[in-house]
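Each remark here refers to the structure printed beneath this line.
Bear in mind these aren't lab numbers, they're just calculated from the coordinates by the rules spelled out. A quick note: this is a predicted structure, and the numbers were derived from the prediction, not measured. Cβ sites come from the backbone with ideal geometry, for glycine too, and all protein chains shown count toward neighbours.
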Amino acid sequence: MTALVCVLTIAVAGCTAPAAGTDKDTGSAAPTASERNEIDLADLQSRWWTWASSAPTETNPVADTTGEFCADRQPADVWLLAGSFGETVSRRCTVPAGQPLAGPAVNQITDVPAVCDAFMREAWGEVELDGSPLDLSRADLSEITVTGVPDNPVLGAEGTFRTHGCGLWFTVPSLTPGQHTLVIKGGSTNFELEVDYDLTVTAAT
């Protein structure tokens with residue numbers, strides 16, 4: 001499987017170290033690790049890449065340019081957010097009440113560990129929720145299992161693969177009902193992305 005760079009976004013990371021290797025300031029923590037649910041970072045990457053690879057181009061969350069497909073195939077316990085393939089994109093999404101959010105500022109999947117090493121040396125990311133910066137969790141190299149459907153643009157292949165992932169990841173506890181903004185920026189060598197999310201969180205029923 002060829003190496004692929006794409007962005008983000010989600011599940012709750014278990015590693016809460018700041019992204020110290022970035023070439024841009026990622027800001028102070030908001031929220032702190034104690035204020036959010038903790039989920040294993042390798043598990044998050046496996047789940048996110050499988051989610052991102054679960055649809056063909058026409059309905060794929062990474063290729064989505066409006067937010068029309070951001071609710072598709074979401075897991076029950078976390079709301080995953082996608083980045084882009086290097087474009088600047090704006091999306092509108094409706095998020096159920098009580099759902100934590102997670103995703104990458106920038107990430108990589110590859111069969112070659114050295115590719116992740118080189119990628120992370122140059123990786124940077126910034127994520128803001130309602131104008132306040134979030135901490136990013138750094139995953140330098142993780143063994144992950146990813147499953148893709150036919151014609152997906154993320155893996156470019158169908159099947160289940162044991163491979164490696166790396167990246168800068170964010171997590172957000174469940175948001176209060178109403179309107180929120182989430183801005184994701186990230187990049188590495190010869191790659192940059194920006195995704196602006198307009199999120200509507202529904203009231204609890």
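Put the Cα centre of the range 85-103 next to the Cα centre of the range 150-180 and the gap is 11 Å. In a fully extended conformation the segment linking Thr57 and Glu122 would gain 20.6 nm over its present Cα-Cα distance, using 0.36 nm per residue. When +1 charges are put on Lys and Arg Cβ atoms and -1 charges on Asp and Glu Cβ atoms, the dipole computed for the range 102-205 relative to its Cα centre reaches about 220 debye.
Zone of Ala203 (label point 7 Å along Cα→Cβ, backbone N under 14 Å): which residues in the range 96-133? Those under the cut-off are 97. Taking 0.36 nm per residue of separation and subtracting the Cα-Cα distance, full extension of the segment from Asp111 to Asp151 would add 12.4 nm.
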